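Here's the structure, in structure tokens; my notes come after.
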């Protein structure tokens, strides 16, 4: 799957946005998204971890193994410069899609 096929899916956009706040492990990313969306958006493990893996393969994020306070190895992800650029481009594309969807669904004064 090419990088252009990844974006602008909502999980990709949300993960990149979460990592814009700083490096985080998968659970922290999912929790941040949940909290920021007032518990309306939940990324389950079956979506979160494959998406993290794809983003890492494409160089949009970088993962590094670390040990948590429980001494268990945990992969911590950080946004790369390419990931930051992609996030900015995808924010704009996502908003265009939202406006188009609102038009199709009969919402808004488009």
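Laboratory data are not the source of any read-out in this text; all were calculated from the coordinates shown. Values in this document were obtained by computation on a predicted structure and should not be read as measured data. With ideal geometry, Cβ positions are generated from the backbone for all residues, glycine too; neighbour counts draw on all protein chains shown.
Taking Cα pairs under 8 Å and at least six residues apart, what relative contact order does the stretch 3-105 come out at, in percent? Before the final figure, lay out each step's value.
Working: 105 pairs, mean separation 31.2, N = 103.
Computed value for the stretch 3-105: 30 percent relative contact order.
Report the extension gain between residue 49 and residue 107 in nm, rounded to one decimal, defined as 0.36 nm multiplied by the number of residues separating them, less their alpha carbon distance.
Working: separation 58, 0.36 × 58 = 20.88 nm, distance 3.36 nm.
Between residue 49 and residue 107, full extension yields an extra 17.5 nm.
Using alpha carbon coordinates only, what is the Rg to Rh ratio of the chain, with Rh defined as the Kirkwood radius?
Details: Rg = 15.2 Å, Rh = 14.8 Å.
Dividing the radius of gyration by the Kirkwood radius yields 1.02.
If R0 is 35 Å, what FRET efficiency do you get for residue 39 and residue 82 from their C-beta distance, rounded to 0.05?
Values: r = 31 Å, r/R0 = 0.89.
Between residue 39 and residue 82 the formula returns 0.65.
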